[in-house]
1. Can you find a residue that is free of Cβ contacts under 8 Å to residues at least 60 places away in the same chain, of a type in the set (G, A, S) and in a helix (DSSP H, G or I) anywhere in region 205-225?
2. Restricting to region 197-227, and then to whatever is β-branched (V, I, T) and out of contact with any Phe, Trp or Tyr (no Cβ under 6 Å at 6 or more places or on another chain), can you tell me which residue is nearest to L141 (Cα to Cα)?
3. Does any residue in region 85-109 that is more than 15 Å from K123 (Cβ to Cβ) come within less than 8 Å, Cβ to Cβ, of a residue that is of a type in the set (G, A, S) and surrounded by fewer than 14 Cβ atoms within 10 Å (Cβ to Cβ) six or more places away or on a different chain, and which pairs are these?
4. Out of all the residues in region 175-192, is one or more aliphatic (A, V, I, L, M), in contact (Cβ under 8 Å) with a residue 24 or more places away in the chain and either touching a Gly at 6+ places or on another chain (Cβ under 9 Å) or within 17 Å of C79 (Cα to Cα) (or both)?
5. If I filter region 21-36 down to residues being among the hydrophobic types (A, V, I, L, M, F, W, C) and under 26 Å from the mean Cα position of the chain (by Cα), which single residue comes out as modelled with the lowest pLDDT?
6. Please state which one of A158, A169, A142, A180 is small (G, A, S) and farther than 30 Å from L249 by Cα.
7. Within region 177-201, can you find the residues that are crowded, with 16+ Cβ neighbours inside 10 Å and either hydroxyl-bearing (S, T, Y) or not assigned by TED's automatic domain parsing to the domain that holds P227 (or both)?
8. Name every residue in region 165-176 that is part of a loop (DSSP other than H, G, I, E, B) and either at pLDDT 95 or above or surrounded by 12 or more Cβ atoms within 10 Å (Cβ to Cβ) (or both), in order of residue number.
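The values are calculated or read from the model by the stated rules, or taken from the named source; none is laboratory data. A quick note: this is a predicted structure, and the numbers were derived from the prediction, not measured. Every residue, glycine as well, gets a Cβ built from its backbone with ideal geometry; the counts of neighbours run over all protein chains shown.
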Amino acid sequence: MRTSIRILILTVAAILMGVGTISASNFQAPADDITVGAQLYDRWYAVLNVSAPAGNMPIWERQSTNTRSGPDTWRCSECHGWDYKGSEGAYSSGSHATGFPNVMKLAAGMTDSEIVAHLKGSKDPSHDFSKYLTDTDLEKLAKFVKDGVQDDSASVDAHTLKVTGGNLAHGKTLYDGNCASCHGTDGKLIVFRTEGINEYIGSVANRDPYRFLHRTRFGVAGVKTMPVGRELGWQPADSVDVLAYAQSLPTGTEIETATNAGAGSKTSPNLGGPQGGVLGGILTGLGTVFAMLGLNALFMLGLIIIGALIVWALRKRN
């Protein structure tokens, strides 16, 4: 009897240990408040799985430089930018420019409760989101803009948008281990459709590095399958390294090289077109002039011959 009880106890223990092992291997830490807040900043209605409010966000009508409309106007990221600096950052010019303020600077001088109050319209009734987000949601959003935003001005050149000082090899390791399975080793497995343009990881990384950094760190709003750097334990510098590597991937605008050229093959010469250099340009121009004069002379000669034939035919009839 005792032996049977021992066997039963050991069996139950083994089962429990097995379940524990399976659970641990598949366990994913729940997103913390900053991560959720970051995704709310990205596209809050996608996080909440609801439709965006109809029409434009009321404050949107105070600017005329950004011509987007509808759901985009309700996104924090569209007003204040992926670098969180609004009119003082990447969205200070271009089609995304709105003139709206630097939220990073504003939040730095406010408490979490003051930020929540602002999101409820305390400073501007048109900025009231309490009709759409719960207090808990607003607190998470406030937590993000207060403690989660990252100033990447030292990591990304503001003019070229290229990473400065990133560790390309480390970025490749992180990309291969967490991103390549979905996006492909060349980043072209998933095609993004952005405002009518097809893009890959490489093109997004080069065109909008701040959006790349935000979503690498905090995930994409409404997409639960994408790994979140913050939940993987990445530091801000890790995302910069991944960005550096992603900027080396194809963008879709590269000139394809011939695949049937043998080793040592040279590029075929370009036939026709202007000659190189200043002298070549002059000779090409003169050649064009003489060619036009020649064509005009042949045309006039043709008219003279036709006229002569007509005169000859008329005289012969008389």
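1. yes
2. The qualifying residue nearest to L141 (Cα to Cα) is V220.
3. Partner pairs satisfying both residue conditions: A90/A158.
4. If we filter region 175-192 for residues that are aliphatic (A, V, I, L, M), which is where we start, we get 180, 189-191.
If we keep only those that are in contact (Cβ under 8 Å) with a residue 24 or more places away in the chain as well, we get none.
Looking for residues that are aliphatic (A, V, I, L, M), in contact (Cβ under 8 Å) with a residue 24 or more places away in the chain and either touching a Gly at 6+ places or on another chain (Cβ under 9 Å) or within 17 Å of C79 (Cα to Cα) (or both), one finds none in region 175-192, hence no.
5. Of all residues in region 21-36, those among the hydrophobic types (A, V, I, L, M, F, W, C) come to 22, 24, 27, 29, 31, 34, 36.
Add one more test, that the residue is under 26 Å from the mean Cα position of the chain (by Cα), and what stays is 31, 34, 36.
Numbers: A31: 75, I34: 97, V36: 97.
So the residue we want is A31.
6. Working: A158 fails: farther than 30 Å from L249 by Cα; A169 fails: farther than 30 Å from L249 by Cα; A180 fails: farther than 30 Å from L249 by Cα.
Every option except A142 fails the conditions.
7. Scanning region 177-201 gives a single hit, Y200.
8. Step one: filter region 165-176 for residues part of a loop (DSSP other than H, G, I, E, B), giving 165-167.
Within region 165-176, G166, N167 meet the criteria.
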